[in-house]
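The structure under discussion appears below in the form of C-alpha cells.
The values are calculated or read from the model by the stated rules, or taken from the named source; none is laboratory data. It should be emphasised that the depicted structure is a prediction, and the values quoted were computed from it without experimental measurement. Every residue, glycine among them, receives a Cβ derived from its backbone with ideal geometry; neighbour counts consider all protein chains shown.
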Amino acid sequence: MTKLELNLKLYKSLYLIRRAEIEIREYYFEDEMKTPMHMSMGEEAIVTGVCQALNDKDQVLGTYRSHALYLAKVSETDKFFAEMYGKKTGMAKGKAGSMHLSAPEMGFMSSSAIVASIIPAAVGVAFANKIKKNNKITAVFFGDGAIDEGDFWESLNAACLWGIPILFVCEDNGFAVHTSADKRHGYKSITDITSKFNCNVFEEKSTDVEVIYKLTKKAIRLMKKNKKPCFLHLKYYRYLEHVGVNEDFNAGYRSKKEFEKWYKKDPVILERKKLLKLGVREKAIKRIEDRIDSKIKRSIKLAKIAPFSKASELYQDVFYEKK
C-alpha cells in the first residue's frame, strides 16, 4: 500500500465517523433515538489508526463510547443507525442501543456500558486465540477512567503473566466523566507504572492518524516477536459532554479555551490537509465526502421507516429459564 493509498483509506474512516456523529447530533433532538449517546468526536484518530493496523480477522472490544470503534472496524451504517433508532433492522434488532454495539462476524466482539468491564472479557477472547493458535490479535479500547478500576490491573497482570496477544488501548481524554486525572491518581504517569509489568508500553500524544497507525504496527510487530502484550497510552480531547450530544464548557470542570487548543490539531482536519499536500485535488476529496454523506443519509432514512421488533424479541438471543 502506498502512502497515498493509506492516507485515503484513513481519511475515509475518519470522515465516516465524524459525519455519522454530526448527523446523530442533528437528529437526536427529534427524540426518536431512544438511547443515551456517548459521542466520539475528537478521538477518531485512535480507533481508525489502530483498526487499520489490524487485519480483518483480528478482534476488537470496546467501552460504551463505541460509535467510532464500530464504524472504524465494521464500516457499515445501515445496521448502525437502525440500532440507534431501536429498530428491527439494527445489528441487535434494537435491543442494544448505542452502548452495546457488536458485530462478531466482522471482528467487533462486544462493547459494554460498565466501566472497565470489557477488559477482562477481552483478555478471555485473546487467551482463547492463544490456545487455538489462530494468530488473531485482540485489541480492547477503554478510557483513562477505566485504569482506576481493579479490572484493569488484574487483566493486565494476567495478560503479562500468560503472554496473551492483546493490545490494551487507553484512550486518555484526561477526565473520568468530569474528574481530572490529577484528582484521581496517586501517581504522575500511567506508563511508568505499566512499564514495570512484563509488557510492551507505547505512548503517543499526536492526533495524526497516520502516526497512530504506524505506532500500532510497531506494537504488533514487537508483540509477535517477544510474545508480550502491549499497552498503548494515547491522548485525545473529548469535544462533547460525557453523555449527550451537546458541548458542556459551562459545566465548570473545563474551559472552551482548552477545546480550542485541541481543535487546532483536529484529526479529521489534519488528515484532509495531508491529502491536499499529497496531491489529491479538492474536487476528489469532496467526491469522497459526498459519497459518505449520501451513504449516511440513506441509512438514516431507512432506519426511520424500519419497523420495531415485536415484544417477543426480548426473549431471543438471551438465556432465561422458563417456569
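When restricted to residues that are under 24 Å from the mean Cα position of the chain (by Cα) and either surrounded by fewer than 16 Cβ atoms within 10 Å (Cβ to Cβ) or modelled with pLDDT under 95 (or both), the range 294-307 contains 3.
Among residues of the range 210-225 that are surrounded by 14 or more Cβ atoms within 10 Å (Cβ to Cβ), those with a Cβ under 7 angstrom from a residue that is among the charged types (D, E, K, R), sequence gap 6+ or separate chain, pair up as V211/E204; I212/E204; L215/E204. How many residues are touching a Ser or Thr at 6+ places or on another chain (Cβ under 8 Å) and touching a residue at least 60 places away in the same chain (Cβ under 8 Å) when one looks only at the range 255-294? Number satisfying all stated conditions: 4.
For the condition in a loop (DSSP other than H, G, I, E, B), out of contact with any Leu (no Cβ under 8 Å at 6 or more places or on another chain) and within 20 Å of E21 (Cβ to Cβ), R254 qualifies. The residue that is modelled with the lowest pLDDT, among those in the range 17-46 that are assigned to a loop (DSSP other than H, G, I, E, B) and more than 19 Å from the chain's Cα centre (by Cα), is K34. Pairing residues of the range 310-323 that are among the acidic types (D, E) with residues that are at pLDDT 80 or above and in a loop (DSSP other than H, G, I, E, B), at Cβ distances under 6 Å and at least 6 apart in sequence or on separate chains, gives E313/K93. Taking first residues from the range 112-131 that are more than 18 Å from E171 (Cα to Cα) and partners that are among the hydroxyl-bearing types (S, T, Y) and not in a helix (DSSP H, G or I), the Cβ contacts under 6 Å between residues at least 6 apart in sequence or on separate chains come to V125/T138; A126/T138.
Any residue that is surrounded by fewer than 19 Cβ atoms within 10 Å (Cβ to Cβ), within 17 Å of P267 (Cβ to Cβ) and either touching a residue at least 40 places away in the same chain (Cβ under 8 Å) or in contact with a Gly (Cβ under 9 Å, 6 or more places away or on another chain) (or both) - is there at least one of those in the range 14-31? No, there is no match, as no residue in the range 14-31 is surrounded by fewer than 19 Cβ atoms within 10 Å (Cβ to Cβ), within 17 Å of P267 (Cβ to Cβ) and either touching a residue at least 40 places away in the same chain (Cβ under 8 Å) or in contact with a Gly (Cβ under 9 Å, 6 or more places away or on another chain) (or both).
Say whether the condition of being crowded, with 20+ Cβ neighbours inside 10 Å, over 22 Å from I46 (Cα atoms) and not aliphatic (A, V, I, L, M) is met by at least one residue in the range 95-106. So far as the range 95-106 goes, yes, one or more of its residues are crowded, with 20+ Cβ neighbours inside 10 Å, over 22 Å from I46 (Cα atoms) and not aliphatic (A, V, I, L, M).
Of L14, L10, L4, all but one fail to be assigned to a helix (DSSP H, G or I), modelled with pLDDT of 95 or more and out of contact with any Asp or Glu (no Cβ under 7 Å at 6 or more places or on another chain); the exception is L4. Taking F81 as the residue in question, decide whether it is farther than 22 Å from V169 by Cβ, crowded, with 17+ Cβ neighbours inside 10 Å and aromatic (F, W, Y). Yes. Of the residues making up the range 125-161, just one is aromatic (F, W, Y) and either at pLDDT below 95 or surrounded by fewer than 17 Cβ atoms within 10 Å (Cβ to Cβ) (or both), namely W153. Contact map, the range 295-308: first residue in contact (Cβ under 8 Å) with a residue 60 or more places away in the chain and within 16 Å of L71 (Cβ to Cβ), second residue assigned to a helix (DSSP H, G or I) and of a type outside the set (K, R), Cβ cut-off under 6 Å, separation 6 or more or different chains; pairs are I296/A20; I296/E23; S299/D78; S299/F81; I300/F81; A303/F81; A303/A82. Scanning the range 208-246 for residues that are closer than 30 Å to M33 by Cα and part of a loop (DSSP other than H, G, I, E, B) yields a total of 10. Taking the conditions (1) more than 27 Å from T207 (Cα to Cα); (2) without any contact (Cβ under 8 Å) to a residue 40 or more places away in the chain in turn, I164 satisfies each one other than (2).
Here the condition is being closer than 19 Å to I147 by Cβ, surrounded by fewer than 16 Cβ atoms within 10 Å (Cβ to Cβ) and of a type in the set (A, V, I, L, M, F, W, C); of V201, V177, V169, it holds for V177 alone.
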